[in-house]
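Values in this text are rule-based calculations from the coordinates and carry no lab data. All values derive from a computational prediction rather than experimental measurement. Every residue, glycine as well, gets a Cβ built from its backbone with ideal geometry; the counts of neighbours run over all protein chains shown.
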Amino acid sequence: MNKRGHVLNAALLAVGIGYVLEPAGDVPTFVRIAEISVPIVLGALFPDVDTAFGKHRKTLHNLAVLGLFLAYPLVFDNLRYVWVGILTHYVLDLLGSRRGIALFYPFEREYSLPFGVPVRSKWADAVTLAVTVVEVVAFAVVHYYVVPLDTTQRILAVLGL
Ligand SMILES: [Zn+2]
């Protein structure tokens, strides 16, 4: 997937997750969207830094990098929601091309899905939108039935941090 697709996906995902976290559709919803949109968009742009540093689709396209960004809010109390952008970047790369990503880098094997829509396809934007809708639903299910997405704030509060 190209930068345009990643930014479109991340921006729309931020709006969707904003409504998941603050469903009323009033000022707190828009404040939440403002809070999470920049971190999610920046997270969605980050993995492709490995086009300049390291090996593309390997060095910054793996589960260790995702884990790092999941840990940052817990350890340093910053970079919240950047992991959402990292994760959605991986999903879009898996669906937006035939080439895979090296999820277990430094093991170089690239994992891919048996289906995908090339970036240049006329269906690329439609697939990006469809993926975004599915992701918002998935985040809502996780938020309401598994673990709240704003858990780090609760953990830090319990720890008195
Ligand atoms: Zn990528």
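Rounded to the nearest 20 debye, the dipole size of the stretch 8-62 about its Cα centre is 320 debye, using +1 on the Cβ of Lys and Arg and -1 on the Cβ of Asp and Glu. Counting only chymotrypsin sites (Phe, Trp or Tyr not before Pro) that DSSP places in a loop and that have at most 14 other Cβ atoms within 10 Å, the longest clean stretch of the chain runs over 1-52. Along the axis of the charge dipole computed for the chain (Cβ charges of +1 for Lys and Arg, -1 for Asp and Glu, origin at the Cα centre), the listed residues 136, 25, 115 are led at the positive end by 115.
Whole-Hz Karplus values for the stretch 43-58 come out as x, 5, 8, 4, x, 6, 4, 6, 6, 9, 10, x, 10, 4, 6, 10 Hz, taken residue by residue from phi with 6.51 cos²θ - 1.76 cosθ + 1.60 and θ = phi - 60°; glycine and proline positions read x. Toward the positive end of the charge dipole of the stretch 80-122, with +1 on the Cβ of Lys and Arg and -1 on the Cβ of Asp and Glu, the farthest Cα among 96, 83, 106 is that of 96. For the stretch 19-113, GluC sites (Glu not before Pro) meeting the loop criterion (DSSP other than H, G, I, E, B) and having at most 13 other Cβ atoms within 10 Å: 108. Estimated purely from DSSP H runs of n ≥ 4, each contributing -39500 (n - 2.57), the mean residue ellipticity at 222 nm for the chain is -19000 deg cm²/dmol once divided by its residues. Simple point charges give the picture: +1 on the Cβ of Lys and Arg, -1 on the Cβ of Asp and Glu, and for the chain a dipole about the Cα centre of about 560 debye. Calculate, in whole percent, how much of the Cα-Cα pair population of the chain lies beyond 28 Å. Roughly 21 percent, once rounded to a whole number.
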